[in-house]
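Quick notes on the structure that follows.
Coordinate-derived values only; no laboratory data. The structure presented is a predicted model; accordingly, all values stated were derived computationally and were not measured. As a convention, Cβ positions derive from the backbone with ideal geometry for all residues, glycine included, and neighbour counts pool all protein chains shown.
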Amino acid sequence: MRIGIVQVTTTKDTHENLLLVTESIREAATKGATLIVCPEATSQAFDSGRLDTQAEELDGPFSTGLRELAAELGVIIVAGMFRPADTQGKVNRVYNTALITGNGHHEGYDKIHTFDTATYSESATVKPGTRLHTFTHEGITIGVATCFDIRFPEQFKQLARDGAQVIVVPTSWADGAGKLDQWNILTRARALDAGVFIIAADQARPGGRANAGQASGPTGIGHSIAVAPDGSVIAQAGYEPDVLIVDIDPDQAPKQQNAVPVL
C-alpha cells in the first residue's frame with residue numbers, strides 16, 4: 001500500500017485551504033499514493049478565529065471539494081475539518097472531524113479526546129465525539145484517530161482489536177519545551193501498543209524551523225511520521241511543509257501482533 005502524508009500550514013480561510021491542500025494531494029497521487037492523509041484543522045487552522053462560522057456538514061463546499069478531488073484521482077483522502085455540533089451558552093461548538101472520502105467512502109470520525117489541559121480547553125468550542133471509526137481500503141481495515149487521541153493507548157488497542165492494521169492520525173500538535181520528543185514517543189508507543197502502522201500527518205510549524213521550540217497553541221510542529229508496527233520509523237518530515245510517500249506491507253501488523261500478543 002502506498003500512502004501519502006501531506007504536511008501543510010493552513011490559514012483562517014476554508015476556500016484557500018482547499019486550494020492549498022489540493023496541490024499537495026495531487027502531488028501525492030501523481031507519485032502513486034492511493035491513501036492520502038492530511039492534517040487536523042485542514043479546513044481552518046486553530047487560533048485563526050471562530051470555528052463555527054466556517055463549520056459545515058459533509059455536503060458542504062470543503063468536503064464536497066475533497067470528495068470530487070478524490071473521485072478524480074481515484075484515491076481516498078483523510079483531512080481534518082469542523083462540523084456544527086451544539087450550543088453551550090453563547091458558544092456554538094463544533095465537531096473536530098476527520099473526513100474520509102473517496103472510493104465509495106464519504107464519512108467522518110469525530111475526535112473523542114479533546115485537547116483539554118492546564119493551559120488550553122478545546123472542549124469549550126469543540127464537542128467530543130463518542131464512537132471509534134474504521135474504514136476499508138484495498139481490503140485492509142484502517143482506523144482513525146485525531147491528534148490528542150494519541151495520548152490514549154486504549155483507543156488504538158481497541159481499533160486494532162476491531163481489525164485495524166493501519167491507523168491514520170490527522171494532527172495539529174502544539175510546539176513548546178519537550179513537545180517534539182513527546183510527539184515522537186507517543187506515535188511510536190501507540191504503534192507498539194497496538195501492533196499497527198501509525199500514519200500521522202501534522203500541520204507544518206508556522207514560521208518553520210526559525211520558530212522551533214517556542215511555545216504555541218495547537219497550530220502544528222511538523223514532523224509528520226510513519227511508524228511500523230514494531231515501533232520503527234519509516235519516514236518523518238521536518239518543520240516545513242512537505243509531502244511524504246511511504247510504502248507499507250499491512251500484513252506486518254498481524255505478524256507483529258502474533259509475535260508480541262499485547263492485545
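Charge tally around K111: other residues with Cβ under 10 Å, Lys/Arg +1 each, Asp/Glu -1 each, net -3. For the chain, hydrophobic long helices are taken as DSSP H runs at least 20 Å long by C-alpha position along their axis with mean Kyte-Doolittle hydropathy of -1.0 or more; these are 14-30, 179-194. Taking the fewest neighbouring Cβ atoms within 10 Å as the starting point, the ordered list for K255, K90 is K90, K255.
Note on M1, M81: ascending count of other Cβ atoms within 10 Å places them as M1, M81, the fewest first.
Positive contributions from Lys and Arg (+1) and negative ones from Asp and Glu (-1), summed over other residues with Cβ under 12 Å from the Cβ of G208, come out at -1. For the stretch 1-78, the fraction of C-alpha pairs more than 19 angstrom apart is 32%. Taking the DSSP bridge list for the stretch 2-259 and keeping only pairs wholly inside it, about 70 percent are antiparallel. Candidates V144, N103, H113 compared by Cα position along the dipole of the chain: farthest toward the positive end lies H113, with charges placed on Cβ. Cβ-to-Cβ counts within 10 Å put D59, D110 in ascending order as D59, D110, the fewest first. Counting Lys and Arg as +1 and Asp and Glu as -1 over every other residue whose Cβ lies under 9 Å from the Cβ of G129, the net charge comes to +2. Charge dipole (Cα centre; +1 on Lys/Arg Cβ, -1 on Asp/Glu Cβ; no other charges) of the chain amounts to roughly 440 debye. Across q = 0.09 Å⁻¹, the stretch 2-259 modelled as identical point scatterers on its alpha-carbon atoms has Debye log10 I(q)/I(0) values of -0.33, in the order of the q list.
Pairs with C-alpha atoms separated by more than 32 Å, drawn from the list K12/K90; K31/K127; K12/K157; K90/K157, are K31/K127; K12/K157; K90/K157.
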